[in-house]
Amino acid sequence: MNRRSKWLWIEPITGSRKRSNFFWACILFLGSLGFFLVGISSYFGENLIPLLSSQQILFVPQGIVMCFYGIAGLFISSYLWCTILFNVGSGYNKFDKKKGIVCLFRWGFPGINRRIFSRFLMKDIQMIKMEIQEGISPRRVLYMEIKGRQDIPLTRTGDNVNLREIEQKAAESARFLRVSIEGF
């Protein structure tokens with residue numbers, strides 16, 4: 001939900017609490033748990049999971065490898081669940097014409113740098129850039145070029161935004177900030 005007036009524009013940014021992340025975290029957890037339990041079952045010689053038979057699997061080397069893959073998958077799954085729990089990447093972009101300030105806020109992982117906050121002057125914004133790469137995994141990202149700084153992304157790099165939406169967002173941003181648009 002964008003909040004926009006003549007002088008102020010606040011644009012919320014969604015973080016890692018997306019359906020696809022929930023889906024992949026569940027699939028990864030269940031799959032790696034299955035691998036781990038089948039590897040442990042081959043060590044004990046009994047089926048810990050009734051649906052998965054481990055009688056034909058020897059503990060050395062197949063059971064050890066399955067345990068290793070299961071443990072690795074559980075670690076990756078726990079990382080995904082932590083990003084979902086802490087909603088990493090969420091925040092907002094705030095453009096204030098009255099004060100002439102742009103504020104970008106994002107949540108990170110817990111710790112000293114949990115709150116990521118950037119503030120700069122609107123007069124330092126040179127242009128809005130669009131990065132569009134087509135292909136098997138298309139990449140469409142909107143950047144803001146600022147004097148003396150790196151280009152700052154305004155959209156998430158992993159979002160699947162269609163071409164019309166990214167162009168419309170670039171046009172709205174450029175119109176509100178009164179800067180030009182560059183595409184690459």
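So, in segment 67-112, of the ones that are among the polar types (S, T, N, Q) and over 13 Å from the mean Cα position of the chain (by Cα), which residue ends up farthest from L28 (Cα to Cα)?
Restricting to residues being among the polar types (S, T, N, Q) and over 13 Å from the mean Cα position of the chain (by Cα), the top hit is N93.
State whether the residues of segment 164-175 include one that is over 17 Å from I10 (Cα atoms) and surrounded by fewer than 16 Cβ atoms within 10 Å (Cβ to Cβ).
Looking through segment 164-175, at least one residue is over 17 Å from I10 (Cα atoms) and surrounded by fewer than 16 Cβ atoms within 10 Å (Cβ to Cβ).
May I ask you to list pairs of residues, at least six apart or on different chains, whose Cβ atoms are under 7 Å apart, with the first in segment 24-41 being part of a helix (DSSP H, G or I) and the second being among the polar types (S, T, N, Q)?
Close Cβ pairs (under 7 Å, with a partner that is among the polar types (S, T, N, Q)) amount to A25/S77; L28/S77; F29/S77; S32/S77; V38/S54; S41/N47; S41/S54.
For (1) hydrophobic (A, V, I, L, M, F, W, C); (2) in a helix (DSSP H, G or I); (3) exposed (fewer than 15 other Cβ atoms within 10 Å of the Cβ), each residue gets a yes or a no:
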position	(1), (2), (3)
K98	no, no, yes
R106	no, no, no
G111	no, no, yes
I136	yes, no, yes
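In the set I57, I10, I64, which member is surrounded by 15 or more Cβ atoms within 10 Å (Cβ to Cβ), among the β-branched types (V, I, T) and more than 30 Å from L85 (Cβ to Cβ)?
Just one listed residue meets the conditions, I57.
Within the set of pairs 6 or more residues apart or between chains, which connect a residue that is assigned to a loop (DSSP other than H, G, I, E, B) inside segment 4-23 to a residue that is modelled with pLDDT of 90 or more and hydrophobic (A, V, I, L, M, F, W, C) with Cβ atoms less than 7 Å apart?
Matching pairs, first to second residue: G15/V88; G15/W107; S16/I84; S16/V88; R17/I84.
All but one of (1) over 17 Å from the mean Cα position of the chain (by Cα); (2) over 30 Å from C103 (Cβ atoms) hold for I10; state the number of the condition that does not hold.
(2)
Take G148 and tell me if it is over 16 Å from the mean Cα position of the chain (by Cα), assigned by TED's automatic domain parsing to the domain that holds G34 and not polar (S, T, N, Q).
Spelling it out, it is not the case that G148 is over 16 Å from the mean Cα position of the chain (by Cα), assigned by TED's automatic domain parsing to the domain that holds G34 and not polar (S, T, N, Q).
The values are calculated or read from the model by the stated rules, or taken from the named source; none is laboratory data. Since the model is a prediction, treat every value here as computed from it, not as a measurement. So basically every Cβ, Gly included, is an ideal-geometry build from the backbone, and we count neighbours across all protein chains shown.
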